[in-house]
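Novice: Here it is: the structure, laid out below.
What follows is calculated from the coordinates using simple rules that are stated; it is not laboratory data. Since this is a predicted model, take the numbers as computed values, not measurements. All Cβ positions, even for glycine, are placed from backbone atoms using ideal geometry, and neighbour counts span all protein chains on display.
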Amino acid sequence: MHDAPTAPPFFEVVVGQRACRAFDDDRDVADETLAILLEAATHAPSAENRQPWVFVVIRDAETRARVGELTAQAWEDGARELSRRRLAEELFTEVDEGATGGISAAPVLVVVGADTDRCLDATVASSTFPAVQNLLLAAHALGLGSALTTLPTVHADELGAAIGLPETVVPVAVVPLGYPARPLGPPRREHFAGHTHRERFGQPW
């Protein structure tokens, strides 16, 4: 493992991680830092330990803009109205700003894909999203903002073409990375007890 800056304790990282959709224009992310994040991502579990994850790291402004176009297109084609009905106003505004430009303005986008030659279709999600979670946690541990979006994967063919993915690699998520434009504040989470049952469903924790 690469030498990393001092990070906060594990549980502090876990309970503090949250989505960031607005990034500091004046701060880049060094390749050395990205290497630490990507190595953390590849220490996630995967079905049969096939490790089918593929990471395409995008810094090029035109390519990031293209991913932003696909994100906005998916948002405007129906996701916006669906989310407007489901999200609180403050969260909806934040997500709207991210989907229409905030995410693509991050200095780095990581497109996470799955190599279907290395895994079954049924295990694509279970073999790639743990790696995404590791990536998000590692970013937070090093003081970066990040988010998980699947909006651009609605247009998987166009996204794959924009970054040269072969047919065997399917994009599953996009993770913007950068230093937050403003303090993020604590994540919005319900207490675990409201989602936990003892022995049988319906018996409270």
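Novice: At what distance in nm do the modelled label points of R50 and R189 sit from each other, each positioned 7 Å from its Cα along Cα→Cβ?
Specialist: 3.1
Novice: Could you work out the relative contact order of the chain? I mean the mean sequence separation of Cα pairs under 8 Å and 6+ apart, divided by the number of residues, in percent.
Specialist: Computed value for the chain: 34 percent relative contact order.
Novice: While we're on this one: Residue separation times 0.36 nm, minus the C-alpha to C-alpha distance between D157 and A61: what's the value?
Specialist: Taking D157 through A61 to full extension adds about 32.6 nm, to one decimal.
Novice: With a 10 Å radius around each residue's Cβ, average the other Cβ atoms per peptide and rank 23-30, 54-61, 94-101, 175-182, highest first.
Specialist: 175-182, 94-101, 54-61, 23-30
Novice: Further, regarding this structure: Taking R0 as 35 Å, what's the FRET efficiency between E81 and T168 from their Cβ-Cβ distance, rounded to 0.05?
Specialist: That pair, E81 with T168, gives E of 0.55.
Novice: Amide H to amide H under 5 Å from V172: which residues, 5+ apart in sequence or cross-chain, H placed 1.01 Å off N in plane?
Specialist: V112, G113, A114
Novice: Another question, then. Quickly rank 69-75, 115-121 as a protection proxy: mean count of other C-beta atoms within 10 Å, highest first.
Specialist: Details: 69-75: 20.3, 115-121: 15.1.
With the highest mean Cβ count within 10 Å placed first, the list reads 69-75, 115-121.
Novice: For region 19-182, build the convex hull from the C-alpha positions and give me its volume per residue in Å³.
Specialist: Here the figure is 110 Å³ per residue.
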